[in-house]
Amino acid sequence: MAKIELYEIGPSRSLKVRWALQETGLPFEIAGDTIDILGSDDLKRAHPLGKVPAVLIDGKPLFESAAIVTAIADLAPAAGLIAAPGTWERHLHDQWSFYAVSELESCAWTAYLNTREVLFPADRFLPAAVDQAREIFDRNAPALVNHLANNDYVMGNAFSITDINVVYPLHLANLVGWLDSHSVLTDYFERLKARPNSTL
């Protein structure tokens with residue numbers, strides 16, 4: 001069994017990785033769990049930018065949360081949370097995961113950064129950027145809305161690791177008040193949030 005060391009800080013994309021680990025039941029160790037780890041030489045063993053989340057899997061570094069949760073699912077095939085590499089279903093996992101990051105999360109993250117003092121003080125907020133991001137989010141969201149209209153989960157009627165990648169941008173969107181106008185996404189978000197292993 002692989003040795004997994006997780007670098008995490010709670011309210012970040014680390015939530016996705018911890019959730020994936022809890023769903024698979026894979027054992028893991030915490031390599032860093034305080035704000036002091038950011039940018040540290042220790043963390044840079046796993047992430048060249050010194051950011052979280054990052055993991056060491058048998059001593060090999062891996063970063064980017066969508067890639068990490070995919071790797072975790074591959075390490076636990078018995079959990080049935082991801083299709084085998086090379087299958088059409090795996091291509092769909094990649095499609096929806098990349099869509100979530102590029103078409104939804106980029107917008108919601110822009111709004112979050114410009115409404116919460118996470119990286120910048122309030123006097124550096126750009127309200128116009130929030131308005132633009134909301135417009136793009138609302139333009140991109142119907143692809144997922146239409147898909148979920150006939151599916152309980154992204155890959156059909158069963159939860160998969162794909163859902164962890166897709167729901168995180170909705171978590172950010174919910175924090176900035178964007179889900180109110182998308183009832184299908186709100187229902188999906190609440191369904192995922194209610195899972196026993198959810199970290200949302």
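All conditions but one from (1) over 21 Å from ALA66 (Cβ atoms); (2) in contact (Cβ under 8 Å) with a residue 24 or more places away in the chain; (3) surrounded by fewer than 18 Cβ atoms within 10 Å (Cβ to Cβ); (4) of a type outside the set (Asp, Glu) apply to PHE120; the one that does not is (2).
Please enumerate the residues belonging to the stretch 98-153 that are part of a helix (DSSP H, G or I) and of a type in the set (S, T, N, Q).
SER102, SER106, THR110, GLN132, ASN140, ASN146
Of the residues in the stretch 10-43, how many are surrounded by 15 or more Cβ atoms within 10 Å (Cβ to Cβ) and modelled with pLDDT of 90 or more?
Taking the stretch 10-43 first, the residues surrounded by 15 or more Cβ atoms within 10 Å (Cβ to Cβ) are 12-24, 26, 28, 31-32, 37-38, 43.
After this cut, where a residue has to be modelled with pLDDT of 90 or more as well, the list is 12-24, 26, 28, 43.
Number satisfying all stated conditions: 16.
Candidates are the residues of the stretch 143-200 that are in contact with a strand residue (DSSP E or B) (Cβ under 9 Å, 6 or more places away or on another chain) and not aliphatic (A, V, I, L, M); the one that is surrounded by the most Cβ atoms within 10 Å (Cβ to Cβ) is THR162. Restricting the stretch 51-97 to residues that are part of a loop (DSSP other than H, G, I, E, B) and among the β-branched types (Val, Ile, Thr), the residue that is nearest to PRO11 (Cα to Cα) is VAL52.
Would you confirm whether or not the stretch 19-36 contains a residue that is under 20 Å from TYR112 (Cβ atoms) and not in a loop (DSSP other than H, G, I, E, B)? Walk me through it before giving the result.
Let us first name the residues in the stretch 19-36 that are under 20 Å from TYR112 (Cβ atoms), namely 19, 35.
Still in the list and also not in a loop (DSSP other than H, G, I, E, B): 19, 35.
Yes: the stretch 19-36 contains one or more residues that are under 20 Å from TYR112 (Cβ atoms) and not in a loop (DSSP other than H, G, I, E, B).
The values are calculated or read from the model by the stated rules, or taken from the named source; none is laboratory data. A quick note: this is a predicted structure, and the numbers were derived from the prediction, not measured. As a convention, Cβ positions derive from the backbone with ideal geometry for all residues, glycine included, and neighbour counts pool all protein chains shown.
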